[in-house]
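A.B. asks: Below you will find the structure I want to go over with you.
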Amino acid sequence: MKDNLYEKYLVDSAMPTMWCPGCGNGIVLQSIIRAVDELGLDQDRTVFVSGIGCSSRAVNYLNFDCMHTNHGRAIAFATGIKMSDPDLKVIVLTGDGDCASIGGNHLIHACRRNIDLTVICMNNSNYGMTGGQFSPTTPLGSQTKTSVYGSYEPPFDLCELTASAGATYVARAATYLPVQMKEMIKKAIMHHGLSFVDCASDCPSLFGRLNRRGDAGQMMLGWKDRLVSVKQAETMSREDLEGKVVWGEFVNSSERIEYTDVYRQNIARAKESVNG
Amino acid sequence: MKDIIINTSWCKGCGICVALCPRNVLKLNEETVEVADNESCIGCRQCEYHCPDFAIRIGEEDV
């Protein structure tokens with residue numbers, strides 16, 4: 001067995017990554033690798049599925065069975081994989097545009113079904129690959145290539161969205177807190193039901209540059225003032241929370257039945273009725 | 001003193017590690033990061049965990 005984590009889980013010939021210097025996607029990917037390693041997941045029984053975008057390029061670097069699918073359809077493909085073999089661990093790597101805009105419908109319906117997928121969203125608040133247009137999570141008033149006077153569309157809170165759609169594990173992590181991110185990803189992978197982790201991340205070369213947030217190092221240090229834990233947020237007023245990012249676990253429940261379990265029950269009932 | 005392993009062929013010189021290091025152990029040269037003061041490293045691994053390019057590792061044992 002290879003003792004170096006990166007040698008074991010990364011495809012050496014595909015490195016270095018195509019991401020810009022300081023891109024948060026690499027930090028999220030590193031947390032995923034560490035989480036998978038600590039859980040001791042079988043590399044032949046774990047599938048990574050992604051859509052299109054900077055974040056979705058992550059599967060190209062992973063030494064697992066991976067599927068790089070159409071824009072926004074990662075969850076749809078992952079649902080198919082999970083239904084065909086419910087014992088596989090299926091992890092979806094996606095971005096804010098990929099999962100909340102183009103694939104928004106698949107996201108909410110996967111949450112509604114509570115199918116056992118782990119959806120990890122690398123949320124950098126803009127469409128990085130196409131040049132920095134505003135996405136459904138761009139904060140109000142932010143500069144992007146398509147909102148030069150400040151974004152005028154109110155953003156989605158992806159954690160509220162998935163929680164209300166029925167996801168049974170919902171958490172928000174941040175690249176500033178990679179160890180906590182790793183722990184949340186571990187919990188999400190082991191959760192039976194749809195788990196969603198929104199990873200607050202940075203795009204220094206587009207979003208950061210257009211909003212004068214400084215270089216990658218300054219953007220990273222900037223998170224210190226903006227991150228608020230769920231516990232802290234409970235005691236804060238709505239005005240105080242303006243511009244802050246709340247991190248932590250929002251939902252962790254086992255009350256709802258998981259979709260592949262329901263499906264298996266249905267198959268058993270159908271067989272019973274046929275066999276009398 | 002910790003063993004700081006930098007993979008210069010993967011490092012893109014973004015400077016996140018330099019900004020986060022509490023003891024100014026690292027510095028940027030023209031293209032990548034390099035060790036400026038190995039003696040001061042306390043092994044907190046902030047650089048390792050925050051590196052987007054998998055380019056820094058801190059050895060398990062003191063050297």
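A.B. asks: What FRET efficiency comes out for B:Glu34 versus A:Glu7 if R0 is 22 angstrom and r is the Cβ-Cβ distance? Round to the nearest 0.05.
C.D. replies: Working: r = 23 Å, r/R0 = 1.02.
Once rounded, the FRET efficiency stands at 0.45.
A.B. asks: For Cα pairs less than 8 Å apart in space and 6+ apart in sequence, what is the mean separation divided by the residue count of the range A:87-147, i.e. the relative contact order in percent?
C.D. replies: 34 percent
A.B. asks: Report the charge-dipole magnitude of the range A:5-275 in Debye, nearest 20, computed about the Cα centre from +1 at each Lys and Arg Cβ and -1 at each Asp and Glu Cβ. Spell out each step's value before the answer.
C.D. replies: Working: 26 positive and 29 negative charges, 55 e Å.
Dipole about the Cα centre, nearest 20: 260 debye.
A.B. asks: For A:Asp116, enumerate residues with amide H under 5 Å from its amide H, sequence gap 5+ or separate chain, H modeled in the peptide plane.
C.D. replies: Those lying under 5 Å, H to H, from A:Asp116 are A:Gly193, A:Tyr259, A:Thr260.
A.B. asks: Give the distance, in whole Å, between the Cα centre of the range A:188-243 and the Cα centre of the range A:116-178.
C.D. replies: 10 Å
A.B. asks: May I pose another question? May I have the count of lysine pairs in the range A:5-275 with C-alpha atoms under 19 Å apart, counting pairs 8 or more residues apart or located on different chains?
C.D. replies: 12
A.B. asks: Using the Kirkwood formula on the Cα atoms of the range A:5-275, what hydrodynamic radius do you get, in angstrom to one decimal? Walk me through the numbers before you get to the answer.
C.D. replies: Values: mean 1/r = 0.0528 Å⁻¹.
For the range A:5-275, inverting the mean 1/r across all distinct Cα pairs yields 18.9 Å.
A.B. asks: Using the Cα atoms as the points, what is the convex hull volume per residue of the range A:70-109 in Å³? It would help to have the intermediate numbers written out before the result.
C.D. replies: Numbers: hull volume 2.4 nm³, N = 40.
Hull volume normalised by residue count: 59 Å³.
A.B. asks: Size of the dipole of the range B:2-62 about the Cα centre, Lys and Arg at +1 and Asp and Glu at -1 on the beta carbon, nothing else charged, in debye to 20?
C.D. replies: Working: 6 positive and 11 negative charges, 49 e Å.
With Lys and Arg at +1 and Asp and Glu at -1, about 240 debye.
A.B. asks: Calculate how many DSSP beta bridges within the protein assembly as shown are antiparallel, expressed in % of all such bridges and rounded to the nearest 5.
C.D. replies: Roughly 35 percent of the DSSP beta bridges within the protein assembly as shown come out antiparallel.
A.B. asks: Further question on the same structure: Based on the inverse mean of 1/r over its pairs of different Cα atoms, what is the Kirkwood hydrodynamic radius of the range A:7-126, in Å?
C.D. replies: Values: mean 1/r = 0.0696 Å⁻¹.
About 14.4 Å for the range A:7-126.
A.B. asks: For A:Lys224 paired with A:Val274, estimate the spin-label separation in nm (one decimal), with each label point 7 Å from Cα along the Cα-to-Cβ line.
C.D. replies: So the label points at A:Lys224 and A:Val274 sit 6.4 nm apart.
A.B. asks: Give the share of C-alpha pairs in each 10 angstrom bin for the range B:2-62, from 0 to the last occupied bin, in whole percents, shortest bins first.
C.D. replies: 26, 63, 12
A.B. asks: Could I ask something else about it? Round to the nearest 10 and give me the degree value, 0 to 90, for the angle of helix A:25-39's Cα axis relative to the longest principal axis of chain A.
C.D. replies: Helix A:25-39 sits at roughly 40 degrees to that axis.
A.B. asks: Once each part is reduced to its C-alpha centroid, what is the distance from the range A:50-68 to the range A:87-104 in angstrom?
C.D. replies: 11 Å
A.B. asks: Here's another thing I want to ask about it. Can you give the convex hull volume per residue for the Cα atoms of the range A:186-276, as a whole number of Å³? Show your work: numbers first, answer last.
C.D. replies: Working: hull volume 15.5 nm³, N = 91.
It is 170 Å³ per residue.
None of the figures in this text is laboratory data; all of them are computed from the coordinates on show. As the structure is a prediction and not an experimental result, all values here were calculated from the model. Ideal geometry is used to build each Cβ from the backbone, glycine not excepted, and the neighbour counts take in all protein chains shown.
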